[in-house]
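What follows is a set of notes on a single structure, which appears directly below.
The values are calculated or read from the model by the stated rules, or taken from the named source; none is laboratory data. Keep in mind that what you see is a predicted model, and the values were worked out from it rather than measured. Note that each Cβ is placed from the backbone with ideal geometry, even for glycine, and that neighbours are counted across all protein chains shown. Calculation scope for accessible area: heavy atoms of the full protein, side chains included, ligands and nucleic acids excluded. Shrake-Rupley method; radii C 1.70, N 1.55, O 1.52, S 1.80 Å.
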Amino acid sequence: MSDTQQDRRQEDGEGRVEEFDAVVVGAGFAGLYTLHKLRNELGLSARVFEAGSGIGGTWYWNRYPGARSDTSSWIYCYSFDEGLLQEWQWSERYPGQREVLNYLEHVAERFDLNRDIQTGTRVTSATFDETTERWEVRTDTGEVVSARFIVAALGALSAANLPDVPGLENFTGERYHTAEWPHEGVDFTGKRVGVIGTGATGIQVATEIAALADHLTVFQRTPNYAIPLGNYQIDEEFRRWYKENYDEIWGQVRHNFSGHDYDPIEKQLQEAAPEERERTFRERYERGGFGLWLANYEDILVDRDANSVVSEWVRERIAERVDDPATAGRLTPSDHAFGTKRVPLEDGYYEIFNQDNVALVDVKETPVEEITPTGVRTSAGEYEFDALVFATGFDAMTGPYNKIDIRGRGGRLLRDKWANGPRTYLGLMSADYPNLFTITGPQSPSVLTNMPVAIEQHVEWISEIIRHMRVGGLGVVEPTREAEDEWVDHSQEVAHSTLFPESATWYMGVNIPGKPQVFLPYLGGIGPYRQKCDEVAANGYEGFAFASSEGANA
Ligand code: NAP
């Protein structure tokens, strides 16, 4: 233990630190379910630390206008409790931010979770003490606690990325990042607004702001293949249908590739005649949702020729919807293959560019030179704004880990171990970081699936290994170096057998200057991945090393 740690404890004046079986970091979908499993089912003592002033994770922070799930509501939820499934009433196919947050608040109350969640508290460090085999966890509110297990429920997209544009601090108008949106909301009525970024978030927020602002300028670096959302209100009949068919629905999404209610067509694109392809694409495009991406011909994400057909088809739709051909051209992607970058879902996005009060600036054509006190100066001149909205995304997957000083064996920082890219076994643990579990962490299916499905699979697997350890009197678990090396290689091999790594995306870390460019999530599919995790457990947790400890049940 370092001197500074000793000093801090004395300052706290407690003489000893509070001990828990488990500390959970984050109170979003993952943290809430972890607390339920570990405390309510396994009987562990647990404390959840949450940086926000309330629970909800992604749905607490991302309150920007237009924030909405693009997964069908009836599967964008927990499936572990039949009563919860049956009692909750979703109102729309794609629930808005407030509705998802209401749902999570309901879950927290229903399972009596709030009493063990400490909000407004950010974990700043976690240090493994090799003598006691416990983690010492510190927070920005000065707390120091000790835990046998740490479950990092940090979220894959929770470290907001604000680009380092010269002059950023000089802007005197209102400035927002979509992932740190004010709780009281923002009224854009009659204002001149600039939105920077055209990912899934930028597309949602620009569409909403276009209806209110006096003038909106959208700064685009890379155009996307956005396809229709197809939202609708859920009526009683439909609600009854999905509630009666939940066994089948969850059976599909737990075991298929994507965790969504879509399966690819078991046919290669070249095997389908042009009229059949047209019908297939059109039907999915008009129905809305991820069908065109995830329920398309099985080779569109691995075969360049097959992909170019669907990419071109989506480009034609953009051209049809935007009146001005030059603007349509700028909105049309040509640098990447459809579906290799997260496909944004939109609800009237392309049509905003037909409005007189909306302009598009391509920052590759006319780069942003600086933010001035009154606006944005590009190589083509200055644009003046009352408000600037950064929809510039996240330091995905590893960013949330890098923000915490996580020290494992030998005092080594996790961010140093991961300096050339994350190293994990199954995306669940990293060697030399015993008893630290990473929910939907790098090298797990995570962001390539429906998140609640991936989260439930991880939380359930983690609680089973902890149960196994408690029954067997085992205090410590970590992956072997060999198992980890194999998984890292396997994870990259799977990714590189597809078209995904060829595109400059946050999946590859390309959006963050200096970040190592390795494919971050596991592309093997949630169903096969679940099977692999289950086999590992059934084979006595192969690839993991356990050690008994005197304090095993502490
Ligand atoms: P994102 O996909 O990373 O998009 C960020 C945007 O900002 C991109 O257009 C990017 O351009 C641009 N950008 C970044 N730095 C810039 C700079 N210095 N100058 C100009 N432009 C810059 O982030 P996001 O839209 O927040 O979405 C992240 C992920 O969150 C999504 O992919 C999705 O998984 C999730 N999400 C989900 C939902 C939903 O479920 N409904 C909604 C929103 C987000 P480049 O493309 O050139 O990098």
Original post:
Do you know which of the residues in the range 375-407 that are under 24 Å from LYS364 (Cα atoms) and of a type in the set (Val, Ile, Thr) is nearest to the ligand (Cβ to nearest atom)?
Top reply: THR392
Original post:
ALA200 fails exactly one of the following numbered conditions: (1) farther than 24 Å from GLU312 by Cα; (2) buried (at least 17 other Cβ atoms within 10 Å of the Cβ). What is the number of that condition?
Top reply: (1)
Original post:
So which of ARG110, ARG98 ends up being modelled with pLDDT of 95 or more, out of contact with any Ser or Thr (no Cβ under 6 Å at 6 or more places or on another chain), within 16 Å of the ligand (Cβ to nearest atom) and closer than 30 Å to GLY185 by Cα?
Top reply: ARG98
Original post:
Considering the range 264-277 alone, what residues qualify as being open to solvent by less than 70 Å² (accessible area, probe 1.4 Å) and in contact with a helix residue (DSSP H, G or I) (Cβ under 8 Å, 6 or more places away or on another chain)?
Top reply: PRO264, ILE265, LEU269, ALA272, ARG277
**OP:** Scan the range 525-543 residue by residue and report those that are charged (D, E, K, R), within 24 Å of the chain's Cα centre (by Cα) and either within 21 Å of PRO434 (Cα to Cα) or open to solvent by 50 Å² or more (accessible area, probe 1.4 Å) (or both).
**Re:** LYS532, ASP534
**OP:** Working carefully through the options TYR78, TYR64, find the one that is assigned to a loop (DSSP other than H, G, I, E, B), of a type outside the set (Asp, Glu) and in contact with a strand residue (DSSP E or B) (Cβ under 9 Å, 6 or more places away or on another chain).
**Re:** TYR64
Subject >> Filter result (crowded, with 24+ Cβ neighbours inside 10 Å and either in contact with a helix residue (DSSP H, G or I) (Cβ under 7 Å, 6 or more places away or on another chain) or outside any strand (DSSP E or B) (or both)) within the range 214-224 >> reply: LEU216, VAL218, ASN224
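Report yes if VAL137 is of a type in the set (A, V, I, L, M), within 16 Å of TYR60 (Cβ to Cβ) and open to solvent by less than 60 Å² (accessible area, probe 1.4 Å), otherwise no. Talk me through it step by step, then tell me what you get.
On the way: of a type in the set (A, V, I, L, M): yes; within 16 Å of TYR60 (Cβ to Cβ): no; open to solvent by less than 60 Å² (accessible area, probe 1.4 Å): yes.
So VAL137 fails the test.
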Original post:
Looking at SER69, SER45, SER79, SER73, which one is within 16 Å of the ligand (Cβ to nearest atom) and in contact with a Lys or Arg (Cβ under 9 Å, 6 or more places away or on another chain)?
Top reply: SER73
Original post:
Are there any pairs with C-beta distances below 9 angstrom linking a residue in the range 174-192 that is on the phi > 0 side of the Ramachandran plot to a residue that is within 16 Å of the ligand (Cβ to nearest atom), with the two at least 6 apart or on different chains, and if so which?
Top reply: GLY185/ARG63; GLY185/PRO65
Subject >> Tally, over the range 284-314, of residues that are part of a helix (DSSP H, G or I), surrounded by 19 or more Cβ atoms within 10 Å (Cβ to Cβ) and either in contact with a Ser or Thr (Cβ under 7 Å, 6 or more places away or on another chain) or aromatic (Phe, Trp, Tyr) (or both) >> reply: 2
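State the number of residues belonging to the range 163-183 that are surrounded by fewer than 12 Cβ atoms within 10 Å (Cβ to Cβ), within 16 Å of the ligand (Cβ to nearest atom) and under 25 Å from the mean Cα position of the chain (by Cα).
Residues of the range 163-183 that are surrounded by fewer than 12 Cβ atoms within 10 Å (Cβ to Cβ), as a first pass: 164, 169-170, 172, 182-183.
Now narrow it down to the ones that are within 16 Å of the ligand (Cβ to nearest atom): 164, 169.
If we keep only those that are under 25 Å from the mean Cα position of the chain (by Cα) too, we end up with 164.
Qualifying residue count for the region: 1.
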**OP:** Identify the residue in the range 350-369 that is surrounded by 15 or more Cβ atoms within 10 Å (Cβ to Cβ) and either acidic (Asp, Glu) or within 21 Å of LEU294 (Cα to Cα) (or both) and, among all such residues, is farthest from the ligand (Cβ to nearest atom).
**Re:** GLU351
